[in-house]
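Student: Please find one structure pasted underneath; my questions will follow.
The values are calculated or read from the model by the stated rules, or taken from the named source; none is laboratory data. The model shown is predicted, which means the values in this text are computed figures rather than measured ones. Please note: Cβ atoms are built from the backbone with ideal geometry, for glycine as well, and neighbour counts cover all protein chains shown. Side chains included, ligands, DNA and RNA excluded: accessible areas come from the protein's heavy atoms. Shrake-Rupley method; radii C 1.70, N 1.55, O 1.52, S 1.80 Å.
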Amino acid sequence: MINKSILTLMMFLLAVNLKSQSKVDVEFNPNIATYSIAEYLVAKHQGRLFYIDGKTDISYLPLADLANKEMGKYDNSKIIKAMQDYLQIVGQQQDLAYQTLIKHNIFPAKGYAYEIEENERNKKETVEQFAEQLREFYIERKLGIFFKSQSHFIEGAKNEVRKNIPAGYMIKMEKYYGQRFLAYRFYVNPFDVLPYSEVFWHGNGPMFRSEKGQIANMISSAYVPLKKKNDIKDYTEFGFNHQETTNFLITHEFGHSFVNQYLGQYEAKINQSNHLMSEAFISKMDAQGYSYWPSCVGEHIVRTGEIRIALANANPELAKKLRQQHIKENSFVLIPDFEKKMEEYENNITKYKSFKDFVPELLTVLDETSVEKIRAKLGLPNEKYEATITVNVPENSGDVYITGNQSSIGSWNPQKIKLDKTNETTRKITFTTYPDLRFKLTKGSWDTEAKIDGIEEGKDVSLLLDKNTTLNYTVKNWKQ
């Protein structure tokens, strides 16, 4: 027997009449590939970047492995520093770089085919400078010739994706969200490095506007590990031949195009609940690359959409599998709350003509939860303890700040909570905290982060408390 809400949802999908170009164009973008090659060089240099450790064997990703070996012949310090400097300004995220490089003319050409949509002038100037540094790297390393020499593999990857995209699938997504796009572009990126597993994936879904309409883009790593062969030309499988993952990725990444454009205008409202990230989600989301609260909320909503679309397509088994993956395995524990709210959208098609109209109501989920509720869902303890931290600092250090995964110490704002000055070389603070405490010390910005004795440079101080605690640390010096 069909559940009433599912039946209503199916009727809703049939009721919305949108004309659409359902074709998904599958392409390869040398700009993005160049970025991924440089990204792995940074990971190797500093030991880790995002989800990449830069140390383990990556022969299961043949093109990425080959590019890494080719780049090993050169001094890559220039592009490594360029990316490190870039990330210091824009933060530990890939979205802006991907968006910019897709809009950039294909290397080695200069200039942009589409305008960069970034309101912060400093970030816009920084990413434009970084794109130019990548373009110069592309030229210096003759990557155009390299990519052309690997056309057999790249074309094979594109064809694997093409054969696994269901006909007319984008029409179903358009009907659910009440919107259509001018075009859908799937960029294969066999140079993106992911940790090994039986099936893995990494994607990004930048949407942008052209003069003729909006274009939904997605970039995808390979998602099937390959057995090592003697020669790159010996491969007949290319890492993208997995229909279930292909279908999941287009739902997920194109889902970001349908969702993210409307969440952006509510970013200030979303950030009002930022303490939910720092005090509850941060330990679960940091390793997955979703430590920015608006991004975490967006991921919850997009993944909720995947489940609801699976139900709309009369596939409850897929919906069940997605819930297991997203909620149980990846800790997106607000999905049940968002699902319940999305049923209101599906059951009120006269009131909500499209997803855009429903966003304000959907975000009330954030108002109706709390740190304690989320921590309970995540299986984290809700006890609180008092922590007193005394810090020995070099002379003339001036103001010293603490920031970390508690609202009581600034929720990762490096210039919000100042320690008390007891004398020229001692600072002190007392605050309440949940047991899982993480923090850093600064002089008011990330550019002046403390190098703490006994703590690996760049790492958080991480503690698990079980009582009121007094702690002492010594700052060796400050990042300059």
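Student: Say whether the condition of being within 17 Å of residue 460 (Cβ to Cβ) and in a loop (DSSP other than H, G, I, E, B) is met by at least one residue in the range 346-364. Walk me through how you get there before you give the answer.
Tutor: Within the range 346-364, the first condition is being within 17 Å of residue 460 (Cβ to Cβ), and the residues that meet it are none.
No: the range 346-364 contains no residue that is within 17 Å of residue 460 (Cβ to Cβ) and in a loop (DSSP other than H, G, I, E, B).
Student: Just checking, how many residues over the range 429-480 are outside any loop (DSSP other than H, G, I, E, B), closer than 23 Å to residue 382 by Cβ and open to solvent by less than 40 Å² (accessible area, probe 1.4 Å)? First the steps, then the outcome.
Tutor: Pass one, the range 429-480, residues outside any loop (DSSP other than H, G, I, E, B): 429-433, 436-442, 446-452, 461-464, 469-478.
Next cut, closer than 23 Å to residue 382 by Cβ only: 429-433, 436-439, 461-464, 469-471.
Retained after the next criterion (residues that are open to solvent by less than 40 Å² (accessible area, probe 1.4 Å)): 429, 431, 433, 436-437, 439, 461, 469, 471.
Counting residues in the range 429-480 that are outside any loop (DSSP other than H, G, I, E, B), closer than 23 Å to residue 382 by Cβ and open to solvent by less than 40 Å² (accessible area, probe 1.4 Å) gives 9.
Student: Take residue 373 and decide whether it is among the basic types (Lys, Arg) and part of a loop (DSSP other than H, G, I, E, B).
Tutor: Spelling it out, it is not the case that residue 373 is among the basic types (Lys, Arg) and part of a loop (DSSP other than H, G, I, E, B).
Student: Residue 416 fails exactly one of the following numbered conditions: (1) over 25 Å from residue 281 (Cβ atoms); (2) free of Cβ contacts under 8 Å to residues at least 40 places away in the same chain; (3) open to solvent by 40 Å² or more (accessible area, probe 1.4 Å); (4) basic (Lys, Arg). What is the number of that condition?
Tutor: Going through the list (1) over 25 Å from residue 281 (Cβ atoms); (2) free of Cβ contacts under 8 Å to residues at least 40 places away in the same chain; (3) open to solvent by 40 Å² or more (accessible area, probe 1.4 Å); (4) basic (Lys, Arg), residue 416 breaks only (1).
Student: Select from the range 334-365 the residues that are open to solvent by less than 10 Å² (accessible area, probe 1.4 Å) and either without any contact (Cβ under 8 Å) to a residue 60 or more places away in the chain or under 14 Å from residue 300 (Cα atoms) (or both) and list them in ascending order.
Tutor: 334, 335, 338, 342, 345, 358, 359, 362, 363, 365
Student: Anything in the range 285-310 that is surrounded by fewer than 19 Cβ atoms within 10 Å (Cβ to Cβ) and in contact with a Ser or Thr (Cβ under 9 Å, 6 or more places away or on another chain)? List them, or say none.
Tutor: Across the range 285-310, the qualifying residues are 288, 289.
Student: Which of the residues belonging to the range 236-250 are open to solvent by less than 10 Å² (accessible area, probe 1.4 Å) and either among the aliphatic types (A, V, I, L, M) or over 16 Å from residue 197 (Cα atoms) (or both)?
Tutor: Selection gives 246, 249, 250.
Student: With the checklist (1) buried (at least 16 other Cβ atoms within 10 Å of the Cβ); (2) out of contact with any Asp or Glu (no Cβ under 6 Å at 6 or more places or on another chain); (3) touching a residue at least 12 places away in the same chain (Cβ under 8 Å) in hand, flag the one item residue 410 doesn't pass.
Tutor: Every listed condition holds for residue 410 apart from (3).
Student: With the structure loaded, tell me whether residue 314 is of a type in the set (A, V, I, L, M, F, W, C), at pLDDT below 95 and not in a strand (DSSP E or B) or whether it fails that test.
Tutor: Numbers: of a type in the set (A, V, I, L, M, F, W, C): yes; at pLDDT below 95: yes; not in a strand (DSSP E or B): yes.
Yes.
Student: Being closer than 30 Å to residue 227 by Cβ and either of a type outside the set (A, V, I, L, M, F, W, C) or in contact with a Phe, Trp or Tyr (Cβ under 8 Å, 6 or more places away or on another chain) (or both) is the requirement here; does residue 101 meet it?
Tutor: Criteria not met by residue 101.
Student: For the structure I just gave you, tell me whether residue 146 is of a type outside the set (D, E, K, R), at pLDDT 90 or above, open to solvent by less than 60 Å² (accessible area, probe 1.4 Å) and closer than 30 Å to residue 349 by Cα.
Tutor: No.
So that you can scan it fast, the table gives a plain yes or no per residue for (1) under 19 Å from residue 40 (Cα atoms); (2) touching a helix residue (DSSP H, G or I) at 6+ places or on another chain (Cβ under 8 Å):
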{"position": "75", "(1), (2)": "yes, no"}
{"position": "80", "(1), (2)": "yes, yes"}
{"position": "83", "(1), (2)": "yes, yes"}
{"position": "88", "(1), (2)": "yes, yes"}
{"position": "93", "(1), (2)": "yes, yes"}
{"position": "106", "(1), (2)": "no, yes"}
{"position": "116", "(1), (2)": "no, yes"}
{"position": "126", "(1), (2)": "no, yes"}
{"position": "130", "(1), (2)": "yes, yes"}
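Student: Condition first: modelled with pLDDT under 90 and polar (S, T, N, Q). Now tell me which residues in the range 68-90 satisfy that.
Tutor: Answer for the range 68-90, where residues must be modelled with pLDDT under 90 and polar (S, T, N, Q): just 88.
Student: What's the total number of residues in the range 67-104 that are open to solvent by 50 Å² or more (accessible area, probe 1.4 Å) and either part of a helix (DSSP H, G or I) or within 17 Å of residue 132 (Cβ to Cβ) (or both)?
Tutor: 10
Every residue, every condition in (1) modelled with pLDDT of 95 or more; (2) under 27 Å from the mean Cα position of the chain (by Cα), yes or no:
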site	(1), (2)
325	no, yes
338	yes, yes
354	no, yes
361	yes, yes
393	yes, no
400	yes, no
414	no, yes
418	yes, no
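Student: Also: If the Cβ limit is 6 Å and pairs must be 6+ apart or interchain, which residue in the range 272-295 that is closer than 17 Å to residue 364 by Cα pairs with which residue that is open to solvent by 40 Å² or more (accessible area, probe 1.4 Å) and among the aromatic types (Phe, Trp, Tyr)?
Tutor: none
Student: Let me ask you something else. Name every residue in the range 112-124 that is under 23 Å from the mean Cα position of the chain (by Cα) and surrounded by 13 or more Cβ atoms within 10 Å (Cβ to Cβ), in order of residue number.
Tutor: 114, 116, 117, 118, 123, 124
Student: Right, next: Among the residues that make up the range 17-25, is at least one of them at pLDDT 85 or above, closer than 21 Å to residue 257 by Cα and surrounded by 17 or more Cβ atoms within 10 Å (Cβ to Cβ)?
Tutor: Taking every residue of the range 17-25 in turn, at least one turns out to be at pLDDT 85 or above, closer than 21 Å to residue 257 by Cα and surrounded by 17 or more Cβ atoms within 10 Å (Cβ to Cβ).
Student: Would it be correct to say that residue 191 is in contact (Cβ under 8 Å) with a residue 60 or more places away in the chain, in a loop (DSSP other than H, G, I, E, B), open to solvent by less than 40 Å² (accessible area, probe 1.4 Å) and of a type in the set (Phe, Trp, Tyr)?
Tutor: Criteria met by residue 191.
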